[in-house]
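I have placed the structure first, in the form of structure tokens, so that the comments after it can refer back to it.
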Amino acid sequence: SNGLPYQIAVIPGDGIGKEVMPEGLRVLRAAAARFGIALALREIEWASCDWYQVHGEMMPADWKAQLQGCDALLFGAVGWPATVPDHISLWGSLLKFRREFDQYINLRPARLFDGVPCPLVDRQGRPRQPGEIDMLIVRENTEGEYTNLGGVMFAGTEREFVIQESVYTRIGAERVLRYAFEQARQRRRRHLTVATKSNGIAISMPWWDALAAEVALDYPEVTVDRQHIDILTARFVLQPERFDVVVATNLFGDILSDLGPACTGTIGLAPSANLNPDRRFPSLFEPVHGSAPDIYGRNIANPIAMIWSAALLLDFLTRGEGAGRAAHDAILRAIEAVLREGPHTPDLGGDADTTRIGQAIAERVVAGC
Ligand code: NAI
Ligand code: MG
């Protein structure tokens, strides 16, 4: 960043987004200070249902111009269905960021931690152990099965039919495949699973498979296997230790990226990144969970998903190396220690509040243990 501070827009949003964000920032600031990363944080109150109540829209008309200079957005959660319908709050904010900032990679790590009960067991009926689940799901985030190309004709007649097209472009597919290979190359196991369904979807999926094979030629150090999505989902549950990096088109990736974190315990831990790796636009980092109206106001939400998302942000800022990578790793070690030794929020069986967890993680980041 040429010595200038990285520009970060901070968007707490709604509900527990407003409770976990201060802890995300606490840890972000602690890690940035320790590793000498200069950040300029700008808190934004729009992209929230509170703002909608006053202005009748989720964001100001010039939102894109206001955010354009940012390096990244740290996002809490959006949604308050009691006052604003979910399709309005989501399409009016988060989905605009993903589309208009061309955040074509959706990244979701899923790891089983020591101290977190795992819902999965192995063949002997033994609960899965830390280390047995450690995967990174890379989802295409802009095209594929999620288009608005199509329509209904002859509605209400015998001839009624509906068409919705899937679109895979060479640019769109190649860039997500390449990104996934790059990630796999940098991990210890260097393995990539390509999700497909070329036995059933007999035009586009063989094309996707062939493109994956073509890109694989540039990554001889990465081992690759191709799995049909149906057996792949079964193996997530039965043999999660098989997976390292998994790459998938939009729909398959959507499913896998909820299933993966679900296999590792609580939703309160799962982070995500919506990336524009070209860096033409800001990328967005957010917990997987929503605004949790059922627990909002008691300060009991688990802030770890938010804190881990902030770690992904730091890693992205310095391109997975240098100070940002060190800061990311320090935050992850602090999360691991707190999950192992406590304190814990109620979703993990403890009685600590949101603030206490943020403090405990920040203290460990500062102390370096
Ligand atoms: P949710 O993720 O907000 O909550 C699901 C369940 O998990 C609730 O019982 C909640 O208490 C619990 N939970 C979630 N995060 C937690 C945490 N950090 N610690 C402890 N427990 C946690 O999903 P839900 O209830 O379907 O949606 C609520 C609102 O959030 C809706 O308006 C929805 O549209 C929105 N939403 C927004 C997302 C986003 O901003 N990316 C993602 C998912 C939902
Ligand atoms: Mg989903």
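The values are calculated or read from the model by the stated rules, or taken from the named source; none is laboratory data. Quick caveat, the model's predicted, so the values are computed rather than measured. When we count neighbours, we look across all protein chains shown, and the Cβ atoms used for this are built from the backbone with ideal geometry, even at glycine.
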Can you name every one of the strands (runs of 3 or more DSSP E) wholly within segment 1-98 that holds 1 or more residues which are among the charged types (D, E, K, R)?
39-43
List, please: which pairs have Cβ atoms under 8 Å, are six or more places apart or on different chains, and start with a residue in segment 281-292 that is closer than 21 Å to Ile8 by Cα and end with one that is among the charged types (D, E, K, R) and within 16 Å of ligand 2 (Cβ to nearest atom)?
Leu284/Arg98; Val288/Arg108; Val288/Asp258
Count, please, the residues in segment 313-369 that happen to be closer than 24 Å to Ile295 by Cα, of a type in the set (Val, Ile, Thr) and surrounded by 18 or more Cβ atoms within 10 Å (Cβ to Cβ).
6
Within segment 234-265, considering residues that are within 16 Å of ligand 1 (Cβ to nearest atom) and free of Cβ contacts under 8 Å to residues at least 60 places away in the same chain, the one nearest to Trp308 (Cα to Cα)
Asp258
Residues that are out of contact with any strand residue (DSSP E or B) (no Cβ under 8 Å at 6 or more places or on another chain) and either among the hydrophobic types (A, V, I, L, M, F, W, C) or under 20 Å from Val245 (Cα atoms) (or both), drawn from segment 97-129
Phe113, Val116, Gln129
Breaking point among (1) in the same structural domain as Ala184 (by TED's automatic domain parsing); (2) surrounded by fewer than 16 Cβ atoms within 10 Å (Cβ to Cβ), for Arg279:
(1)
